[in-house]
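First the structure, in the form of structure tokens, and then the observations on it.
No lab work stands behind these numbers, since they all come straight from the coordinates. As the structure is a computational prediction, the values presented were derived from the model and not from experiment. Because the Cβ atoms are built from the backbone with ideal geometry, glycine has one as well, and the counts that use them run over all protein chains shown.
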């Protein structure tokens, strides 16, 4: 490692490089535990989601922002201060996607503005990026879940078309999913974060790289070394894409 790389890692608080054993995977709920009534209702709900998603897919930026601002489609809206749409360059090559707003984001109406946001800004800086300049930042859900819990599957299903439309409008060259919820929601499959890292995935033709959520890194600083590896992988792949034109 040269002196410059060490300085960058120290700025990001990623040095020295610690290694931590992976935590055990969460226990999966067996399919048999899903209520029969919920399974029977799924086809009708799926049709409604498809119709709504098709309508959202036709919106331009002003219409999309208005719809998100006025949205009451799921129970999350009743418990938050305001919706948090997204922020940044609407023609950015880089798109960073988190899970959902926290308390600070709910108060200010912008994603990643608390301590996790400061760490994300440092992560961006470490690879030569800056919030608002060739970077767009958004979340899987636009409203803060109560107590900062993970968004539930129905909440994700209701809100995801908004993000999908944002992605279609931005047309990023690369997506970075921050955390398991963002990664599995975009990829449409359940998996551990560890199994999703280290691979360039595909989101409807756009490369997608998975790393840790900044809030998790604040709680588990030993994992920052792995996040740095993911960021380096993202830069390398983005450089490869640029060379291809």
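By the gyration tensor of its Cα atoms, with a ≥ b ≥ c the square roots of the eigenvalues, what is the shape of the range 114-245: rounded for a/c under 1.5, prolate for a/b over b/c, or oblate?
Working: a/c = 1.44, a/b = 1.14, b/c = 1.26.
Taking the square roots of the gyration eigenvalues as a ≥ b ≥ c, the range 114-245 is rounded.
Restricting to bridges with both residues inside the range 54-244, how much of the DSSP beta-bridge set is antiparallel, in percent to the nearest 5? Kindly include the intermediate steps, with their values, before the conclusion.
Values: 6 of 19 bridges.
Roughly 30 percent of the DSSP beta bridges within the range 54-244 come out antiparallel.
What's the extension gain from residue 73 to residue 171 if we count 0.36 nm per residue and subtract their Cα-Cα distance? Mind dumping the intermediate values first?
On the way: separation 98, 0.36 × 98 = 35.28 nm, distance 2.59 nm.
Using 0.36 nm per residue and subtracting the Cα-Cα distance, I get 32.7 nm.
If I model a spin label at residue 134 and residue 187 as a point 7 Å from the Cα along the Cα→Cβ vector, what separation in nanometres do I get?
2.7
Where in the range 155-173 is the amide nitrogen less than 17 Å from a point lying 7 Å along the Cα-to-Cβ axis of residue 91?
167-173
What is the range 54-244's relative contact order, in percent, from Cα pairs under 8 angstrom and six or more apart in sequence? It would help to have the intermediate numbers written out before the result.
Details: 318 pairs, mean separation 44.7, N = 191.
RCO, the range 54-244: 23 percent.
Between the range 113-138 and the range 166-205, what's the alpha-carbon centroid distance in Å?
Measuring centre to centre over Cα atoms gives 18 Å.
Got the relative contact order for the range 145-245 handy, in percent, Cα pairs under 8 Å and 6 or more residues apart?
On the way: 83 pairs, mean separation 24.7, N = 101.
Value for the range 145-245: 25 percent.
Need the full-extension length gain, residue 202 to residue 52, defined as separation in residues times 0.36 nm minus the C-alpha distance. One decimal, nm.
51.6 nm
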